[in-house]
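Q: If you scroll down you'll find the structure; I have some questions about it.
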Amino acid sequence: MELDELLKYFRESDTIGENQEALDLMRYYSRQAQKITMEINTKYHEPEELQDLFSELIGKPVDKEFGLFPPFYTDFGKNITIGKNVFINAGCKFQDQGGIFIDDGALIGHGVVLATLNHDMAPEKRQALHPAPIHIGKRVWIGANATVCSGVTIGDNAVVAAGAVVVKDVLPNTVVGGVPARVITPDHP
């Protein structure tokens, strides 16, 4: 199995864990992500070096306006897609097997968690993983220590308040906050 087949498996599967070849390859890329994030997180890098390391981590080039303040953590890395002029602040944690898509101009605050996997609710199947992608629209601002759960789409220009837990889609041009996140204001400029 190759990486593109693994990513297709993640997209098309309801449950991850039943295909041993896929699990082994996922673990291989997880170890690669650990190596690259250790390099990112344990010494100073100029912005261009961080762009190169992040491109290596996700397996795709990032734009010259991409910004990252380490530390940064991910447990897979190869299912992250970054638009232009995206900024990721310090301490973020991305669980990306289900797919993370961040559009142009998005700002990701300190300590944000993007989690694309859920464990099964049935105790006897608790080890099973259910992937679903996260889509973050253009010019979205996610405040510090917010968590975005699997399957969520955040519409263009939306704001997620600090500490929010987003469990359902956020409409464009809205501000949400709280646990679980709810609309605070219907729109903003």
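Q: Over the chain, how many percent of alpha carbon pairs lie in each 10 Å bin up to the one with the longest distance?
A: 10, 37, 35, 17, 2
Q: Also, quick follow-up: Gap in Å between the Cα centre of segment 120-189 and the Cα centre of segment 31-69?
A: Centre-to-centre distance over Cα atoms comes out at 25 Å.
Q: Right, something else. For K35, which aspartates and glutamates qualify as cross-link partners when the Cα separation must be under 18 Å and same-chain residues fewer than eight apart are set aside?
A: Cross-link targets: D24, E49, D52, E56, D75, D96.
Q: Restricting to DSSP H runs of at least four residues, report the calculated mean residue ellipticity at 222 nm for the chain, -39500 (n - 2.57) per run over all residues, nearest 500 deg cm²/dmol.
A: -8000 deg cm²/dmol
Q: May I ask which of K43/K125; K8/K43; K43/K168; K93/K125 have a Cα-Cα span longer than 32 Å here?
A: K43/K125; K8/K43; K43/K168
Q: Here is a further query. Under the Karplus relation 6.51 cos²θ - 1.76 cosθ + 1.60, θ = phi - 60°, what is the ordered set of whole-Hz ³J(HN,Hα) values for segment 16-28, x standing for Gly and Pro?
A: Couplings: 9, x, 8, 10, 5, 4, 5, 4, 5, 5, 4, 5, 4 Hz.
Q: Calculate the spin-label point distance for E21 paired with V167, positioning each point 7 Å from the Cα along the beta-carbon direction, and give it in nanometres.
A: With each label point 7 Å from Cα toward Cβ, the separation is 3.8 nm.
Q: By DSSP, what percent of the beta bridges with both residues in the chain are antiparallel, rounded to the nearest 5?
A: If I count the DSSP bridges inside the chain, around 20 percent turn out antiparallel.
Q: When ligands, DNA and RNA are left out and all protein chains stay put, how many square angstrom of accessible area per residue does the chain have with a 1.4 Å probe?
A: Accessible surface, normalised per residue, equals 52 Å².
Q: What is the distance, in nm, between label points placed 7 Å from the Cα along the Cα-to-Cβ direction at D120 and at S30?
A: The answer from the label model is 1.7 nm.
Q: Next question. If you project the alpha carbons of segment 74-179 onto the principal axes, what extent comes out on each, in Å, largest first?
A: 42, 29, 22
Q: Express the Stokes-Einstein translational diffusion coefficient of segment 1-47 in µm² s⁻¹, to the nearest whole number, given a Kirkwood radius over alpha-carbon pairs, 37 °C and a viscosity of 0.692 mPa s.
A: Approximately 268 µm²/s, per Stokes-Einstein.
Q: Can you list residues from other chains, or at least 5 along the same chain, whose modelled amide H is less than 5 Å from the amide H of G105?
A: Here K84, N85, V86, R139 satisfy the definition.
The values are calculated or read from the model by the stated rules, or taken from the named source; none is laboratory data. Note that the coordinates shown come from a computational prediction; the quantities given were computed from them, not determined experimentally. Note: ideal-geometry Cβ built from the backbone for every residue, glycine included; neighbour counts use all protein chains shown. Quick note on the areas: whole protein, heavy atoms, side chains included, nothing else; ligands and nucleic acids left out. Shrake-Rupley method; radii C 1.70, N 1.55, O 1.52, S 1.80 Å.
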